[in-house]
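Taking it in order: structure first as structure tokens, then the write-up.
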Amino acid sequence: MPETSSAPAAETRLRDHVVRLGAEHPPIDVSTVDFTVKQPTVLLARFGGVLDYMARTELEVERNVLELATLLPDPPEIDRVFYSEVWKPQETVHGLILDELQVRLGRPPANADLTTVSAKIRVVGALAHLPAFQDVVRMLYYLTGMATERSALLAYHRLYDGVVELGETAVAETVITPIRRQEPGHYAFYQMSARALWEQMSAWQHWLVRHLRTISFAPVGANTDDQRADVGDMMIALGLDKREDAETFAEQIGRVERDLLWAHQRGLLVPPYIAGAFRDAVELARHRAAA
């Protein structure tokens with residue numbers, strides 16, 4: 001029988017997507033990774049900071065799941081299955097592989113924070129027991145997930161091109177390619193979830209999401225000035241620091257968010273808080289380097 005409502009149809013598509021992700025993209029088998037590097041000094045000099053930032057943010061999914069348990073006391077079951085049984089296992093292995101690579105190149109292991117749930121998140125989690133507010137928190141979670149996965153995918157594409165340019169085919173094909181192959185499925189989950197929830201939310205919830213998103217947006221894993229400078233270093237290493245490239249990067253990250261939250265503002269290419277956050281990260285990196 002055909003669906004009589006778009007909501008059940010969307011839920012079915014989302015459930016099928018998560019099941020398919022788990023079945024078709026199990027965590028990468030580390031034994032399939034070839035850590036052979038022909039010019040370790042060159043690779044380290046050019047992309048060592050990128051590997052460290054990516055390893056840290058991938059490993060910190062363990063803390064992210066703790067945060068989600070605080071922020072979403074009563075999540076939809078499909079959300080819980082996604083972040084605990086699909087996303088977390090996949091991303092954790094990404095982090096372990098990248099961390100192993102950077103250690104083999106001579107860097108220290110990533111300094112990942114796996115346990116700290118901030119006081120701010122605990123306060124928001126307390127408010128999230130109110131069903132209407134939990135929907136707002138869920139929407140912010142989906143928006144953050146979209147921005148995180150999109151920026152990761154774009155960065156992995158750039159990193160792949162750079163590593164191939166150096167002739168490091170083993171790293172390109174057995175480290176970066178398997179990792180970036182899993183990112184689009186995560187992005188699709190967040191996008192489908194965000195579109196479905198936004199249609200169900202009231203006007204005051206839309207307003208609150210816009211307001212909270214504007215004041216809280218930050219690149220993934222960038223909670224301090226040093227961490228924001230790490231994002232800037234990554235952008236510089238990947239050739240994303242020039243104004244035009246940085247704006248294109250921000251526009252690609254925020255396209256769906258712009259279309260959902262800011263459809264009423266015609267002509268807006270990218271939400272200014274997204275463009276500003278990445279622009280500030282590059283400036284912080286340059287100031288740190290100069291110091």
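Hey, what did the chain get for relative contact order, percent, Cα under 8 Å, at least 6 apart? If you can, show how the numbers build up before the last one.
On the way: 318 pairs, mean separation 62.8, N = 291.
Reported as a whole number, the value is 22 percent.
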Mean shadow area (nm²) of the C-alpha convex hull around the chain is 16.4
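FRET efficiency for D29 and D161, Cβ-Cβ distance as r, R0 = 25 Å, nearest 0.05? Walk me through the intermediate numbers first.
On the way: r = 25 Å, r/R0 = 1.00.
It comes to 0.50.
For I28, I121, I179, what ranking results if the residue with the fewest other Cβ atoms within 10 Å of its Cβ goes first?
I121, I28, I179
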Among G125, G232, G95, the residue with the largest mean-square fluctuation in a Gaussian network model of the chain built from Cα contacts under 10 Å is G125
Per GNM of the chain with C-alpha springs under 10 angstrom, the most fluctuating residue out of M235, M192, M139 is M192
The percentage of Cα-Cα pairs in the stretch 24-72 separated by more than 14 Å is 71
Counted neighbours (other Cβ, 10 Å), sorted fewest up, put W262, W207, W87 in the order W207, W262, W87
With the charge dipole of the chain built from beta-carbon charges (+1 for Lys and Arg, -1 for Asp and Glu) about the Cα centre, the Cα from I215, T92, F82 projecting farthest to the positive end belongs to I215
Ordered by number, the trypsin sites (Lys or Arg not before Pro) in the stretch 1-81 that occupy a DSSP loop and have at most 13 other Cβ atoms within 10 Å are K38
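Give me the number: length gained by fully extending A291 to E85, i.e. 0.36 nm times residue separation minus the C-alpha to C-alpha distance, one decimal in nm.
Length gained, A291 through E85: 69.8 nm.
Throughout, read-outs are computed from the coordinates displayed, never taken from laboratory work. Model, not experiment: these values are computed from the prediction. Neighbour counts are summed over all protein chains in view; Cβ atoms, including those assigned to glycine, are modelled from backbone coordinates with ideal geometry.
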